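Taking it in order: structure first as structure tokens, then the write-up.
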Amino acid sequence: MSLLDFARGPALEWSLLIMVFGIFWRLVGTFLFKGQVYLSKPKGTRFVAAGLRTIATRSWPDERLERTIRFQHYSGYLFHITLFIVIFLFEPHIEFFKWLLGFSWPGLPTNAVTFAAAVTVATLIALGIRRATNPIMKSITNADDWLSWLVTIGPVVTGMMAFAHQNIGIRYEDLLGIHILSVCLLFIWIPFGKLMHMFLLFPGRYQIGEKFEFRGVRA
Amino acid sequence: MSMHQEMEQTFQMFMGMVGELGKLAQPTDMPDSERVARAKKVFLEKTTWDIATELEGCIHCGLCAEACHYRIGTGDAKYTPAKKFELMRTVYRRELSPMRWLYKLILPDITARDLEEWQELVYDSCTMCARCSMICPMGIHIAELVEYTREALAEAGLIPAEIRAMQQMQYETGTIFEVSADVMEFKVKELEETHGIEIPLNKAGAEVMVLTSGLDIMLYNDALVGTAKILNHAKVNWTIWVDSFECANFGLLSGHAATLKRQADRVIDAAVKHNAKVVVVSECGHAYPALRFYGAEGWGKPLPFEVMAPSEYISKLYEEGKLKLKKPQDRKTVTLHDPCKVGRHGGIFDGPREVLKAMGLELRETENNHMTNWCCGGGAAVFLIDRAAELRQRSFEIKFGEVKATRADALVVSCGSCRLNFERGKMNAGETLPVDSFAQIVGDNLAS
């Protein structure tokens, strides 16, 4: 079995299985705890609206808070948007999703996706340097942060290498195999580390919106 | 001696007494293993689905560091709010998380040394003001997690000595600063004579039960006098019950759950016994949430009366047209501080502003107000901790810088702890801006 066959065969299948089961396990294990019991009279009454509003407002913090976090905020947006383009709007990736899900959607020209990938890598490197050098970031960084960084930047870099295989001098099939294996690592790590924030983001924002609505406060 | 000089002298005496508090604390010694076991028990009991979501969610983005007055004031990364709930997160991950089988292998358990180290992080350098809770992109209510960490440390016998002395005193007697019912009654009579006002005690059938505090009796009795003037002016049927007058709750301030419940129950039982329809706490920031948002939970059923902060009740009286206000002679412009426990934790923002404007005052907002208001730096009993003096002052300077920039004639505050911290901070900084109580400035400017 070639590296590529292994990568897109058992490696991909098992990593997908681990990811799906792991995400399900972690979400169910988190949400099955009992809730807080409130006996005090709430000040606000529109809990669902408050939760939904906070999901939206945390994307655009109050200007007075925003001005101190501009770099983190905009680099975060830049990284997530370009990564989204790379994952979901690159034609070969759309083929993969068609195989997985049974349907497809239009993609972007390859040059546009390559540019997005370069921006993703550059932004991740900038954020990585910041995490390694900024005293605040250093004080709260753990192994999960670095592992999550590594398994995220890995597939983008290997994907770009596969795309530019003629210049590198390694066989396309081998580079593609390495790329798919790096994606498998990402799939496997998602349920274990902080990359789960993609699923916890909205419930987290929703619950704090509700909590502050109880106190009559717009969070 | 002028009233101002008298106040200064009382303030100095009071601060001298605060400085000696730590010596009064009873020891809470126990083996390290017991400390850890007790702290972990609290963390485990406090984990509900929303808390689990928060503990699972932190991505270590560091945004909370940019919202914290202690982190910014000192420039020290160790005060980053995300770090402050790390003990609870560790216990959660190892004991409850769906991935605990993995974390047990790779994450070391918490130790008694960790608990001791966290004392500074959750007591000295956090007022649970919740400004960081407003910025977290993952929706983590960091202040609530710090509150639980305080509770865990309290169970482990690690409340800082000054706060512990107050908590122990209140657990036993229900009062603080040794202000007993007799002392309160004596002081109230004295205030009635000095100010020519009536402060009704033990008035049967009173609908509104007003609470005061040892802090107000000892130091800020102008707030009590102001409240009395307003309630009498609005012809409110009110009283202070001698059997339960203390609104301060050092259970909430210290994290000592048994004291929180015991003190809140004292007030609730008295309010029920005396058929109060409304309980108005004094200008004591945390006293409001202690009764309003924790009272029923401890008591075990919904409260049969309303709980209101004085600024909230005064605003209600104004809205109902029961207050005739006039413009102060010595103030044209003021700025209003939103105390964390009344504002971000209680939703009281606009009412007091409307009252101040109705008095003909020009209200000058600090750059950060309402939801983004900076904490004074001394709330949540930080004002009592001797070793936290530098931390308090650095964070005070952030808020006071904005206050000074308004060029207002005075700063108006509706929280005794904030007021105390402003008074002390400005004294340290050589500033002279007057700091008014909200109840006092309204009470002094009622039109006949």
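The values are calculated or read from the model by the stated rules, or taken from the named source; none is laboratory data. Everything numeric here is computed off the predicted structure, so don't read it as measured data. A quick note on method: Cβ atoms are made from the backbone with ideal geometry, for glycine too, and the neighbour counts reach across all protein chains shown. Only protein heavy atoms, including side chains, enter the accessible area calculation; ligands, DNA and RNA are left aside. Shrake-Rupley method; radii C 1.70, N 1.55, O 1.52, S 1.80 Å.
Overview of results
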| quantity | calculated |
| --- | --- |
| ³J(HN,Hα) computed for each position of region A:95-107 - Karplus, 6.51 cos²θ - 1.76 cosθ + 1.60, integer Hz, glycine/proline x | 4, 4, 5, 5, 5, 6, 9, x, 9, 9, 8, x, x |
| P(r), alpha carbons of region B:201-316 - 10 Å bins starting at zero, rounded % | 15, 51, 30, 4 |
| Acute angle (nearest 10 degrees) that the helix A:47-57 long axis makes with the longest principal axis of chain A, alpha-carbon atoms | 50 |
| Long-range amide H partners of B:V307 with built H, under 5 Å | B:V279 |
| Charge-dipole axis of region B:1-85 as Lys and Arg at +1 and Asp and Glu at -1 on Cβ define it, positive-most pick from B:I72, B:G22, B:A39 | B:A39 |
| Check: chain A dipole with +1 on Lys, Arg Cβ and -1 on Asp, Glu Cβ, in debye | 1360 |
| Rounded to the nearest 10 Å², the accessible area of A:T110 at probe 1.4 Å | 60 |
| Per-bin percent of Cα-Cα distances, region A:3-215 [5 Å] | 1, 6, 10, 14, 17, 16, 13, 9, 6, 4, 2, 1, 0, 0 |
| Most positive-pole-ward Cα, A:H93, A:Q72, A:G9, against dipole of region A:3-215 from beta carbon charges | A:Q72 |
| Rounded to 10°, Cα long-axis angle of helix A:12-31 versus longest principal axis of chain A | 10 |
| Under the Debye formula (equal points on every Cα, no solvent term), log10 I(q)/I(0) of chain B at q = 0.06, 0.07, 0.10 Å⁻¹ | -0.25, -0.34, -0.69 |
| Fraction of accessible area attributable to carbon and sulfur, region B:203-328 (%, probe 1.4 Å) | 52 |
| Per residue value of the accessible surface for chain B (all protein chains in place, 1.4 Å probe), Å² | 35 |
| Where labels lie 7 Å past Cα in the beta-carbon direction, separation of A:A164 and B:K203 in nm | 8.3 |
| Cα-projected label distance for B:R407 with B:E431, points at 7 Å along beta-carbon direction, nm | 1.7 |
| In range of the label at A:A122: residues from region A:50-72 whose backbone nitrogen is under 18 Å from the point 7 Å along Cα→Cβ | A:71-72 |
| Spin-label pair B:L102/B:M17, simplified geometry with 7 Å Cα→Cβ offset, distance in nm | 5.6 |
| Chain B: relative contact order in percent, alpha carbon pairs under 8 Å with at least 6 residues between | 17 |
| Shape of region A:126-219, Cα gyration tensor, a/c cut at 1.5 | prolate |
| Fraction of accessible area attributable to carbon and sulfur, region A:3-215 (%, probe 1.4 Å) | 73 |
| Under the Karplus curve 6.51 cos²θ - 1.76 cosθ + 1.60, θ = phi - 60°, whole-Hz ³J(HN,Hα) for region B:378-387, x wherever Gly or Pro sits | x, x, 6, 6, 4, 4, 8, 7, 4, 6 |
| Cα-based helix-to-principal-axis angle, A:197-214 vs chain A, degrees rounded to 10 | 10 |
| Gyration tensor (alpha-carbon) shape descriptor, region B:391-439, a/c threshold 1.5 | oblate |
| Chains B and A together, accessible area buried on both sides, 1.4 angstrom probe, square angstrom | 5200 |
| B:E20 accessible area, 1.4 Å probe, all protein chains in place, Å² to nearest 10 | 90 |
| Under-5 Å amide H pairs with B:D436, H placed in peptide plane, nonlocal only | B:L411, B:V412, B:V413 |
| Three-way shape label, region B:251-406, alpha-carbon gyration tensor, a/c 1.5 | oblate |
| Calculated diffusion of the protein assembly as shown, Stokes-Einstein form, Kirkwood radius summed over Cα pairs, 4 °C and 1.567 mPa s, µm²/s | 48 |
| Distance between region B:356-414 and region B:144-220 - C-alpha centres, whole angstrom | 23 |
| Cβ-Cβ FRET estimate between A:H80 and B:T48, R0 fixed at 30 Å, reported to 0.05 | 0.55 |
| Distance violations [Cα-Cα > 25 Å] among A:K34/B:K41; B:K277/B:K322; B:K261/B:K426; A:K41/B:K84 | B:K261/B:K426; A:K41/B:K84 |
| Calculated FRET value between A:F71 and A:A143, using beta carbons and R₀ = 22 Å, to 0.05 | 0.35 |
| Surface accessible to a 1.4 Å probe, per residue, for the residues of region A:3-215, Å² | 53 |
| Under 20 Å from the A:M198 label point (7 Å along Cα→beta-carbon), backbone N, region A:140-156 | A:144-156 |
| Of A:A118, B:L253, B:V442, farthest towards positive along the dipole that unit charges on Lys, Arg, Asp, Glu beta carbons give the protein assembly as shown | A:A118 |
| Potential extension, A:L150-A:F24 segment - 0.36 nm per residue separation minus Cα distance | 43.0 nm |
| Cysteines without a disulfide-compatible partner [chain B; Cβ-Cβ under 4.7 Å] | B:C58, B:C61, B:C68, B:C126, B:C136, B:C247, B:C284 |
| Net length gained if the chain between B:D29 and B:K322 were fully extended (0.36 nm per residue, minus Cα distance) | 100.1 nm |
| Cleavage-rule hits (chymotrypsin sites (Phe, Trp or Tyr not before Pro)) in region A:87-157: DSSP loop, at most 14 neighbouring Cβ within 10 angstrom | A:F103 |
| Assigned charges on the beta-carbon of Lys, Arg, Asp, Glu; the protein assembly as shown dipole about Cα centre (debye) | 1280 |
